[in-house]
1. Give just the number: which of (1) under 17 Å from residue 86 (Cα atoms); (2) surrounded by fewer than 19 Cβ atoms within 10 Å (Cβ to Cβ); (3) modelled with pLDDT of 95 or more does residue 17 not satisfy?
2. Check every one of the helices (runs of 4 or more DSSP H) wholly within region 59-152 and list those with 3 or more residues that are farther than 21 Å from residue 8 by Cα and in contact with a helix residue (DSSP H, G or I) (Cβ under 6 Å, 6 or more places away or on another chain).
3. Exactly one of (1) within 17 Å of residue 31 (Cα to Cα); (2) surrounded by 17 or more Cβ atoms within 10 Å (Cβ to Cβ); (3) at pLDDT 95 or above is unmet by residue 145. Its number?
4. Please work out which residue is surrounded by the most Cβ atoms within 10 Å (Cβ to Cβ), limiting yourself to region 57-87 and to residues that are under 23 Å from residue 30 (Cα atoms) and out of contact with any strand residue (DSSP E or B) (no Cβ under 9 Å at 6 or more places or on another chain).
5. Just wondering, is there one or more residues in region 37-52 that are modelled with pLDDT of 95 or more, buried (at least 21 other Cβ atoms within 10 Å of the Cβ) and part of a strand (DSSP E or B)?
6. Could you grab me the full set of residues in region 1-14 that are part of a loop (DSSP other than H, G, I, E, B) and either surrounded by fewer than 13 Cβ atoms within 10 Å (Cβ to Cβ) or free of Cβ contacts under 8 Å to residues at least 12 places away in the same chain (or both)?
7. How many of the residues making up region 15-36 are touching a residue at least 40 places away in the same chain (Cβ under 8 Å) and assigned to a loop (DSSP other than H, G, I, E, B)?
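The values are calculated or read from the model by the stated rules, or taken from the named source; none is laboratory data. All of these numbers come straight from a predicted model, not from anything done at the bench. All Cβ positions, even for glycine, are placed from backbone atoms using ideal geometry, and neighbour counts span all protein chains on display.
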């Protein structure tokens, strides 16, 4: 199930890698938000995708855009992951209730207990403007994110 473009994005409030609560609504009216779900911290493809975002962070996190990465890993794993890889954007723990936010966005894989690779661009009004959902082993194209942000 995917969300409908032009509809309100599902609200969430999750703990980041430092133990602080981050909500989607905290950016309403001030920043567009890129929400990217990934299956597992420390896994090869996930690390590669997030390092790609890290290495071009100015395109995805600036005065107009906030990047948020979400997995079902616990906060302490995300903290170690962010420190090891030098991530300067929030990694949110959709750990308990397990995968609730991934389920709301239609990207939870029940069989594996993790999210699939879903990315959602949400405008400053909280409206979903773009999405892409890939399978567990299918990397996403960062150029597609940039094109979606440029259209806002």
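1. (2)
2. Details: elements: 75-85, 100-104, 142-150.
Per the criteria, no element qualifies.
3. So residue 145 meets the others, but not (3).
4. The first filter runs over region 57-87 and keeps only residues under 23 Å from residue 30 (Cα atoms), leaving 57-70, 87.
Narrowing the set further to residues that are out of contact with any strand residue (DSSP E or B) (no Cβ under 9 Å at 6 or more places or on another chain) leaves 58, 62-63.
On the way: 58: 8, 62: 13, 63: 7.
Ranking the qualifying residues of region 57-87, first place goes to 62.
5. Yes, region 37-52 contains a residue that is modelled with pLDDT of 95 or more, buried (at least 21 other Cβ atoms within 10 Å of the Cβ) and part of a strand (DSSP E or B).
6. Residues of region 1-14 part of a loop (DSSP other than H, G, I, E, B): 1-7, 9-12.
Within region 1-14, 1, 4, 5, 6, 7, 11 qualify.
7. In the first step, residues of region 15-36 are kept if they are touching a residue at least 40 places away in the same chain (Cβ under 8 Å); the result is 15-19, 22, 24-25, 27-36.
Restricting the remaining residues to those that are assigned to a loop (DSSP other than H, G, I, E, B) gives 17-19, 28-31.
Final tally of qualifying residues: 7.
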